[in-house]
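The values are calculated or read from the model by the stated rules, or taken from the named source; none is laboratory data. Remember, it's a predicted structure, so these values are computed and weren't measured experimentally. Heads up, the Cβs are rebuilt from the backbone with ideal geometry, glycines too, and the neighbour counts pull from every protein chain shown.
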Amino acid sequence: MELNHIRYGNGQPLLLIHGLGGSWKSWIPVIDRLAAHREIIAIDLPGHGKTPKLDGPTSISSLADSISEFIQRNGLTGIDAVGSSMGGRLVLELARRRGFVGAVVSLNPGGFWQGWQRHFFYLSLAASIRLIRSIQFMMPALTKNVITRSILLAQFSPKPWNISSHLSLAEMRSYNSSPVFDELLYKLAYGEEQQGAEKGSINSPLVIGWGRQDRVCFPLQAKKALQLFPDAQLHVFKQCGHFPHWDRPAETAELILRVTAATKVEVKEHQQDS
């Protein structure tokens, strides 16, 4: 399957992977900053945006497989990768598999909860998606109004009124239209556990970023993430929720460019399927 994607900017390629229910548009707050230095390749995961769902089950493993195939098919082996939320877990999985990606920045990755935290994650997002689906007919007006927009996005940001109405509407529409949202939400909470990587096994730069006010994946989960990925460094975003590229776009772009500055990948010509 070829993943829907955009390519924007010039320079060494940089892969952007969105979170559960999102699309490449989730990266709009930082795309221009990154594209001033890198060629951005932002994908829609299977069952998201304009990419159709997989024929079989959708899980972290099957999504990681589809990204790996996309990387190989397009001659991008060794590409630097950035992921957010579920995408943050996916880039860690790609780094763990080795050979597919170069430098990695994982922003607020899911999958490192323990005990009651996984139940909170599942129940809170399940309630949120039911609400989002029930009020889709009002969504343009709700996201345009700063008060109702802030209420809708309070789970994700400590300052939701700063998030643009355009991005807010795009996200609410994308969450609603994803045919795999429910399946992935359950599997993220109760499915396969994220495996780690032994110390010294990841040679490229690896940074895990976490918003200090994250109300979806609590910051204390960073401890488990670092235990499973001991080669990683931690970057904490102050006054930031679940999406650093929304709350702290300048800081997020600077972190990404700094972490990935030392790596290069020779991009081969596009390879068509035989």
Can you tell which of 221, 195 is part of a helix (DSSP H, G or I), touching a helix residue (DSSP H, G or I) at 6+ places or on another chain (Cβ under 8 Å) and either buried (at least 19 other Cβ atoms within 10 Å of the Cβ) or modelled with pLDDT under 95 (or both)?
-> 221
Number of the condition not met by residue 38 [criteria: (1) crowded, with 17+ Cβ neighbours inside 10 Å; (2) under 24 Å from residue 189 (Cβ atoms)] | (2)
Within segment 1-17, the count of residues that are touching a strand residue (DSSP E or B) at 6+ places or on another chain (Cβ under 6 Å) and either part of a loop (DSSP other than H, G, I, E, B) or of a type in the set (Val, Ile, Thr) (or both) comes to 7
The number of residues in segment 18-28 that are buried (at least 21 other Cβ atoms within 10 Å of the Cβ) and out of contact with any strand residue (DSSP E or B) (no Cβ under 8 Å at 6 or more places or on another chain) is 1
Check whether at least one residue in segment 83-93 is touching a helix residue (DSSP H, G or I) at 6+ places or on another chain (Cβ under 9 Å) and assigned to a strand (DSSP E or B), and report yes or no.
-> yes
For residue 115, are the conditions met, namely being modelled with pLDDT under 95 and either within 18 Å of the chain's Cα centre (by Cα) or charged (D, E, K, R) (or both)?
-> no
Pick from segment 51-79 the residues that are within 20 Å of residue 6 (Cβ to Cβ) and hydrophobic (A, V, I, L, M, F, W, C): which of them is surrounded by the most Cβ atoms within 10 Å (Cβ to Cβ)?
-> 67
Would you please list the contacts, defined by Cβ atoms under 6 Å and residues six or more apart or on different chains, that run from a residue in segment 235-259 that is on the phi > 0 side of the Ramachandran plot to a residue that is of a type in the set (Lys, Arg) and surrounded by fewer than 17 Cβ atoms within 10 Å (Cβ to Cβ)?
-> none
Hey, can you tell me all the residues within segment 41-69 that are over 17 Å from residue 186 (Cα atoms) and without any contact (Cβ under 8 Å) to a residue 24 or more places away in the chain?
-> 55, 65
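Confirm whether residue 126 is more than 20 Å from residue 212 (Cβ to Cβ), surrounded by 23 or more Cβ atoms within 10 Å (Cβ to Cβ) and not aromatic (Phe, Trp, Tyr).
Values: more than 20 Å from residue 212 (Cβ to Cβ): yes; surrounded by 23 or more Cβ atoms within 10 Å (Cβ to Cβ): no; not aromatic (Phe, Trp, Tyr): yes.
In short, no.
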Among the residues of segment 78-98, how many are of a type in the set (D, E, K, R) and over 14 Å from residue 228 (Cα atoms)?
-> 2
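Would you please name the residue that is nearest to residue 96 (Cα to Cα), looking only at residues in segment 197-217 that are of a type in the set (Gly, Ala, Ser) and under 14 Å from the mean Cα position of the chain (by Cα)?
Of all residues in segment 197-217, those of a type in the set (Gly, Ala, Ser) come to 197, 200-201, 204, 209, 211.
Checking the rest, the ones that are also under 14 Å from the mean Cα position of the chain (by Cα) come to 209, 211.
Values: 209: 17, 211: 23 Å.
Residue satisfying both the conditions and the ranking: 209.
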Residue 192 vs (1) under 30 Å from residue 99 (Cα atoms); (2) touching a Leu at 6+ places or on another chain (Cβ under 9 Å): all pass except (2)
